[in-house]
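*Asks:* Take this structure, written in structure tokens, and hold onto it; I'll ask about it next.
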Amino acid sequence: MKMVKYYVLGALVALALTLTVPVILLKVVFGWIAFSLIAVSSAYLLNYPSLFRKREDGSIPFYIRWIFVPFLLGSWLYNEYARRTDKVPPLQKIEPHLFLACRMSGKHVSLLNENNIDAILDVTAEFDGLDWTAYQEDYRYLNVPVLDHTSPTPEQLVLAINWLNQQISEKKNVVVHCALGRGRSVLVVAAYLLAKNPTLSVDDALREINQIRQTARLNKRQLASLQQIRDGGLLSLQKNLTLIVNPVAGGGKWEQYRDDVLSRLNEKFKVTVKETTPEVDGKALAEKAKQDGAHIIVACGGDGTLTEVASALVNTDVTMGIIPFGTANALSQVLHGYISKVMPISTACDIIIEGNTLAIDTATCNDHVMLLVAAVGFEEKMISAADREEKNVGGQFAYLKGLWNAISNNENMTFKVAKDNQPAETLETPSFVIANAAPMTTALAQGAEPPDITDGKLDLTWLLPQPSSDKQFASLAELVLSPAEAKKQSESIRHERASSITLTFDKPTAYAVDGEIYEGEKLEIKTCPRSLTVLTNFEEKD
């Protein structure tokens, strides 16, 4: 590569001067230059743009900038001269919502605003991205680090074109830039045009760009790389994946993790983002996503949001994924394992990208789809006691406080229970839980082994009345700590399995379904075996 030869030659000259000049200060300067150019040469020879340690926000660490000052100064002088003598404007519109540009700096902020730019794709490795916050701007930003005069990897290119497509599908104006807007950025824009219109040839795509930006050109290596990737069939906008996001879940976790999630998923999918509102819930958005041809619909929120989305996907061929942004995130623990308590977002993204699916059971509770549990008594009181603000501030401690108060009050309920169409029985209990699935943290559902989400059965767990709250706390400890065999002999816990169950009350009674509170005089619950396909690392039991 021609540029590498220049860097190596410069490094050798600087090294020779370091060894021969008698002045200490000059030795330091030439040694600095030699080290900088040797490091840059190594980055090119090894195709290692990460050498510059460019962060996700576009910044380069202070110590890296100092190491590479000689190289960066030379690059800056050349690029500044090239921009001043450039025959084309710094920013040009290639097609609706898609712009091509040289490297953006503070003096270009007004130009970006004039063109209503919303998002920036930076394909440089060696330059800091502009600190947009210093200008009170809020651009979406993605860096795909590529060395000057080189090509992105196929994986980088897939990430870039899918990120572009996502921004444009949301009607955002997005600019792609490298140092001068001639090589790396042109390659990415051409790749996007080829992915969007597979009938185009590489020459057609470059010609379309060159008609607008006359200085756009790829070197031989870049042209060959683009042609090879295109001929290999890699330039396709991937499976349609829709993220249905509850933006207030978990105190607004979506805003915090949005960029991380999209940068991961855009590597493999064509991502569309839809946010719930008080007027439009997850079910409505999932129905619309199905109509629009989504292959995968990912619910991002708490267990309530997940159930809303699932209710539109039961008995369909659309696959459901989950990213837990809620407080309890019980379904995530079942489908993603307990590691999701420690690394919920990265684990969820890994599972979505890996693509392993499983058909799981769902259930219906009156008019509601149920993925986890329906409950009356302690569980319902625990959920009712925790409002949105308390959950945002205290997380799961808000639930623990509600459970503590419910058990302390130790109030029993009396109602009729009919299992699998058998005659009804009268039951008195302070807590009755019907579980399709429940992690160990859903303590009141642990009457035996943890419920199996693929067995076609509902797990029924209830507590017997006790004369004091202290004894009920002991019952809770037994649920959590005792092995399944010991629970069978318990004097305070009862457990059965059934395919359907009906609870009948003598007055309207509050009940919980997957974290949401409803009211009614009757609960009719029926399992729906293998009715929902989900992305998971869950290992099915033999």
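*Asks:* Quick one: of K54/K196; K107/K274; K288/K401; K341/K487; K172/K288; K290/K401, which pairs are farther than 32 Å apart, Cα to Cα?
*Replies:* In this structure, K107/K274; K288/K401; K290/K401 exceed 32 Å between Cα atoms.
*Asks:* Which order results if Y6, Y518 are arranged by neighbouring Cβ count within 10 Å, fewest first?
*Replies:* Ranked by crowding around the Cβ, least crowded first: Y6, Y518.
*Asks:* Sticking with this one: Just to confirm a number: summing +1 for Lys and Arg and -1 for Asp and Glu over residues other than Q256 whose beta-carbon lies under 15 angstrom from that of Q256, what do you get?
*Replies:* Net local charge, Q256 excluded: -3.
*Asks:* If I take all pairs of Cα atoms in segment 66-125, what percentage of them are more than 12 Å from each other?
*Replies:* Across segment 66-125, Cα pairs with separations above 12 Å total 74 percent.
*Asks:* Starting from the Cα of K27, draw a straight line to each of the lysines and keep only those under 16 Å, dropping any in the same chain fewer than 8 residues away.
*Replies:* Reachable lysines: none.
*Asks:* Here's another thing I want to ask about it. Taking one equal scatterer on every alpha-carbon of segment 2-78, how large is log10 of I(q)/I(0) by Debye at q = 0.16 1/Å?
*Replies:* Each listed q maps to, in turn, -0.61.
*Asks:* Still on this model: 7 Å from Cα along Cα→Cβ at both N537 and M3: what's the point-to-point distance in nm?
*Replies:* About 3.8 nm, to one decimal.
*Asks:* In addition: Using a 7 Å offset from the Cα along the Cα-to-Cβ direction at both T85 and L25, what is the distance between the two label points in nm, to one decimal?
*Replies:* Distance between the two pseudo-spin positions: 3.2 nm.
*Asks:* Using only alpha carbon positions, build the gyration tensor of segment 239-355, then give the equivalent ellipsoid semi-axes as the square roots of 5 times its eigenvalues, largest first, whole angstrom.
*Replies:* Ellipsoid half-lengths, sorted descending, are 19, 16, 14 Å.
*Asks:* Report the local net charge at N162: Lys and Arg +1, Asp and Glu -1, summed over other residues whose C-beta lies under 15 Å from its C-beta.
*Replies:* +3
*Asks:* Add -39500 (n - 2.57) for each DSSP H run of 4 or more in the chain, then divide by its residues: what number comes out at 222 nm, to the nearest 500 deg cm²/dmol?
*Replies:* About -12500 deg cm²/dmol.
*Asks:* Treating the Cα atoms of segment 423-490 as identical point scatterers in vacuum, please give the log10 of the normalised Debye intensity I(q)/I(0) at q = 0.14, 0.24, 0.27 Å⁻¹, two decimals.
*Replies:* Ignoring solvent entirely, the Cα scatterers give -0.43, -1.13, -1.29.
*Asks:* With θ set to phi - 60° and the Karplus curve 6.51 cos²θ - 1.76 cosθ + 1.60, what are the ³J(HN,Hα) couplings of segment 362-377 in order, to the nearest whole Hz, using x for Gly and Pro?
*Replies:* Result, ordered by residue: 10, 8, 10, 10, 6, 9, 10, 6, 10, 9, 10, 9, 10, 7, 10, x Hz.
*Asks:* So if each residue of separation counts as 0.36 nm, and I subtract the Cα-Cα distance between Q228 and E521, what length gain in nm does that give?
*Replies:* Going from the current span to full extension adds 98.9 nm.
*Asks:* How large is log10 of I(q)/I(0) for segment 86-231 at q = 0.09, 0.12 Å⁻¹ when the intensity is taken from the Debye formula with one equal scatterer per alpha-carbon?
*Replies:* -0.24, -0.43
*Asks:* Taking the Cβ-Cβ separation of L12 and K288 as r and a Förster radius of 56 Å, what is the calculated FRET efficiency to the nearest 0.05?
*Replies:* Calculated transfer efficiency: 0.35.
*Asks:* List residues of segment 342-361, by number, whose backbone nitrogen lies under 18 Å from a label position 7 Å along Cα→C-beta of E449.
*Replies:* 360-361
*Asks:* Quick check: net charge around G74, other residues with Cβ under 13 Å of its Cβ, Lys/Arg +1 and Asp/Glu -1?
*Replies:* Around G74, the charge tally is -3.
*Asks:* Follow-up. Need one number: nm distance between label points at T426 and T414, each 7 Å from Cα along Cα→Cβ, rounded to one decimal.
*Replies:* It works out to 0.5 nm between the two label points.
*Asks:* Relative contact order of the chain: what whole-number percent is it, with Cα pairs under 8 angstrom and at least 6 residues apart?
*Replies:* So the answer I get is 11 percent.
*Asks:* Take F415, F269 and order them by how many other Cβ atoms sit within 10 Å, fewest up front.
*Replies:* F415, F269
*Asks:* Same structure, new question: As a footprinting exposure proxy, order S475, S500, S105 by other Cβ within 10 Å, with the fewest listed first.
*Replies:* S105, S500, S475
*Asks:* Next up: Please figure out what share of the DSSP beta bridges in the chain is antiparallel and state it in percent, rounded to the nearest 5.
*Replies:* 60 percent
Only the coordinates and a few stated rules stand behind these numbers; no lab work does. Source: prediction; values computed, not measured. Using ideal geometry, Cβ is built from the backbone for each residue, glycine included, and neighbour counts are taken over all protein chains shown.
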